[in-house]
1. Take the residues of region 380-406 that are polar (S, T, N, Q) and outside any loop (DSSP other than H, G, I, E, B): which is modelled with the lowest pLDDT?
2. Which of the residues belonging to region 80-103 are hydrophobic (A, V, I, L, M, F, W, C), assigned to a loop (DSSP other than H, G, I, E, B) and more than 28 Å from the chain's Cα centre (by Cα)?
3. For region 297-314, indicate whether the set of residues that are over 30 Å from Met8 (Cα atoms), open to solvent by 60 Å² or more (accessible area, probe 1.4 Å), at pLDDT 85 or above and out of contact with any Lys or Arg (no Cβ under 7 Å at 6 or more places or on another chain) is non-empty.
4. Going through region 1-31 one residue at a time, which ones are open to solvent by less than 60 Å² (accessible area, probe 1.4 Å), part of a helix (DSSP H, G or I) and either more than 21 Å from Gly278 (Cβ to Cβ) or at pLDDT 95 or above (or both)?
5. Being surrounded by 15 or more Cβ atoms within 10 Å (Cβ to Cβ), in contact (Cβ under 8 Å) with a residue 12 or more places away in the chain, within 27 Å of Met8 (Cα to Cα) and among the polar types (S, T, N, Q) is the requirement here; does Thr266 meet it?
6. Does Ala111 meet the test of being small (Gly, Ala, Ser), open to solvent by less than 50 Å² (accessible area, probe 1.4 Å) and assigned to a helix (DSSP H, G or I)?
7. Is it the case, given these coordinates, that Ser262 is closer than 29 Å to Glu365 by Cα and of a type in the set (Ser, Thr, Tyr)?
8. Only one of Lys520, Lys564 is open to solvent by 30 Å² or more (accessible area, probe 1.4 Å), at pLDDT 90 or above and closer than 16 Å to Leu479 by Cα. Can you tell me which?
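The values are calculated or read from the model by the stated rules, or taken from the named source; none is laboratory data. Remember, it's a predicted structure, so these values are computed and weren't measured experimentally. Neighbour counts run over all protein chains shown; Cβ positions are idealised from the backbone, glycine included. With ligands, DNA and RNA removed, areas are computed over all heavy atoms of the protein, side chains included. Shrake-Rupley method; radii C 1.70, N 1.55, O 1.52, S 1.80 Å.
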Amino acid sequence: MLNNAKKMLPVGIEDFREICTDNFYYVDKTVMIRELLQKRGKVNLFTRPRRFGKTLNMSMLKEFFCIGGDKAIFDGLEISKEKELCENYMGQFPVISITLKNVDGLTYASAYNKLINVIGNEALRFDFLRKSEKLSEAERIKYSQLTRMSDGTENDAIYRMSETVLADSLYTLSQLLAKHYGKKVILLIDEYDVPLDKAFQGDYYPEMVSLIRNLFGSVLKTNSDLYFAVLTGCLRVAKESIFTGLNNLKVFSVSDFTCASSFGFTDDEVKEMLSYYGFRNKYVAIKDWYDGYQFGETDVYCPWDVINYVDRLRDKKNLAPQNYWVNTSGNDAVRYLIQNMGNGVLKSEIESLIAGESVEKEIREDLTYNEIYATVNNVWSLLFMTGYLTQRGSAEGNRLQLAIPNLEIRSIFTDQIMEMFQDEAAKDGVLLRKFCDALESGDRAEVEKLLISYLEKTISIRDTFVRKPTKENFYHGILLRILGYRDGWYLKSNKESGNGYSDISIRDNDKDIGIIIEVKYAHNRQMDQVCQDALAQIEKNGYEEALKEEGCHTIFKYGIAFYKKECRVLVKKEQVK
């Protein structure tokens, strides 16, 4: 079968029905339904990093439980083998399903209006309640109040539902649905903590906490019409914050075993996908870049990355792995950690993480958003819960061995380190001038000495995490960030020249000087030999030819070998006749 005849990849599609009915590839997670029913509490909270399938799973739960759902879309899926369970639960409940992922705003008023519209639109799904004979006139009026949404006009504040009505809205809707159907209600709230995150960023956190506390409290506590509720989010926000007095909350965090494989792709699922699309040769690359997360004792890949990369491979088979997850967040927590690392224990711990090692930390899973950046220790917890770090091995109480899961997340850390290094390098104009002058004069010893001083300002790269080419890329990046500030230099990286690509090529138009730098990592610490190999590569491939054609009369060829924070420099000067 041709590639273009295969199922589409559901990039950015989180609607279960659409995926199942519109020829999209679906990784079957319906076993979650059975696990949830077996292990559920009255109120169930699943905390997972972003882009791990929370919204899609909530859509699946809605389609399975809701009255009037399309049962046929589950045919052939794993849950359909559970005949008795399907008979007792499939299509048997009124389901309220909302997502709070878009409840944000620069102000409380803006976020408030968005929340009104989210709940109002969900209430409109049950428009039959407006004329239900099973409800009293007073109850039908209550329903009408739930549909009074924000329309942005000057009369908006008069027409829209009041804060009192909003606070009781989910509780009221559950009452009305239970009375109409004569059955208890299932409540699904996706991304419950997004409004709190946005409120913290927008400086209206106390107001939003109060609103969400009232909204959840009325529907989740002592609600006789609630069969059970499921919430998803990134963080387990402290009970003292929005779950005050809620004693029936059951949390399934990234450390728990229940439903561990329901969020993210397992190794077998990735292999099956790659086999289906004919990309089994990409397995190692995908594993290096997107695997490495541990939920409970289950190893999983980030599904967002795998789906995006395989989709791109269908257009370009030789495409190298890309960073997809990084673009879905601002990476503030990583930036905070890097900026505060200094030269002490924290810096050593970050170096260990970059090297592929683990660090032991005490994790708090019940932070409030206004506590996150109160201490560096809280940031460790945030990085763990949001997917920048993952667990290795078994927990000892609240103490976990934390590690960077894969190359994609490692690149986020190294990019932040590079940005900070670049800012620091730019501040020291004297050192920058000396280093560039040394390069232009062919002063090997001075280049080596000054480059070592630059290396002391950043982290060291050890041998345990990544392959040799990736180590070279790190040092390549350091040089680019130093050299990019030199006025009058025309700088190119990985420029095609001669018979291959030089690492760094520089032309000084004012002096007709050219510089070629080949970066190598001395894996076995044979620094001199590696430098000689780098110079030999320049000569063999004729990297200098482009600079000659551009009019450079003097060309310096540098072979630079790195090992952790050590370096060795050799140079060869060529005068062009």
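1. Filtering region 380-406 for residues polar (S, T, N, Q) gives 381, 386, 390-391, 394, 398, 401, 406.
With outside any loop (DSSP other than H, G, I, E, B) added as a condition, the list becomes 381, 390-391, 394, 401.
Values: Ser381: 92, Thr390: 96, Gln391: 95, Ser394: 84, Gln401: 95.
Step by step, filter region 380-406, then rank; the result is Ser394.
2. In the first step, residues of region 80-103 are kept if they are hydrophobic (A, V, I, L, M, F, W, C); the result is 85-86, 90, 93, 95-96, 98, 100, 103.
Adding the requirement that they be assigned to a loop (DSSP other than H, G, I, E, B) leaves 90, 100, 103.
Met90, the sole residue that qualifies.
3. Restricting attention to region 297-314, the residues satisfying the condition of being over 30 Å from Met8 (Cα atoms) are 297.
When the remaining residues are screened for being open to solvent by 60 Å² or more (accessible area, probe 1.4 Å), the result is 297.
Next, from what is left, pick out any that are at pLDDT 85 or above: 297.
Within this subset, residues satisfying the condition of being out of contact with any Lys or Arg (no Cβ under 7 Å at 6 or more places or on another chain) are 297.
Checked region 297-314: at least one residue is over 30 Å from Met8 (Cα atoms), open to solvent by 60 Å² or more (accessible area, probe 1.4 Å), at pLDDT 85 or above and out of contact with any Lys or Arg (no Cβ under 7 Å at 6 or more places or on another chain).
4. Within region 1-31, Phe16, Ile19, Cys20, Val31 meet the criteria.
5. yes
6. Working: small (Gly, Ala, Ser): yes; open to solvent by less than 50 Å² (accessible area, probe 1.4 Å): yes; assigned to a helix (DSSP H, G or I): yes.
Yes, satisfied.
7. On the way: closer than 29 Å to Glu365 by Cα: yes; of a type in the set (Ser, Thr, Tyr): yes.
So Ser262 fits the description; yes.
8. Numbers: Lys564 fails: at pLDDT 90 or above.
Sole residue among the options that is open to solvent by 30 Å² or more (accessible area, probe 1.4 Å), at pLDDT 90 or above and closer than 16 Å to Leu479 by Cα: Lys520.
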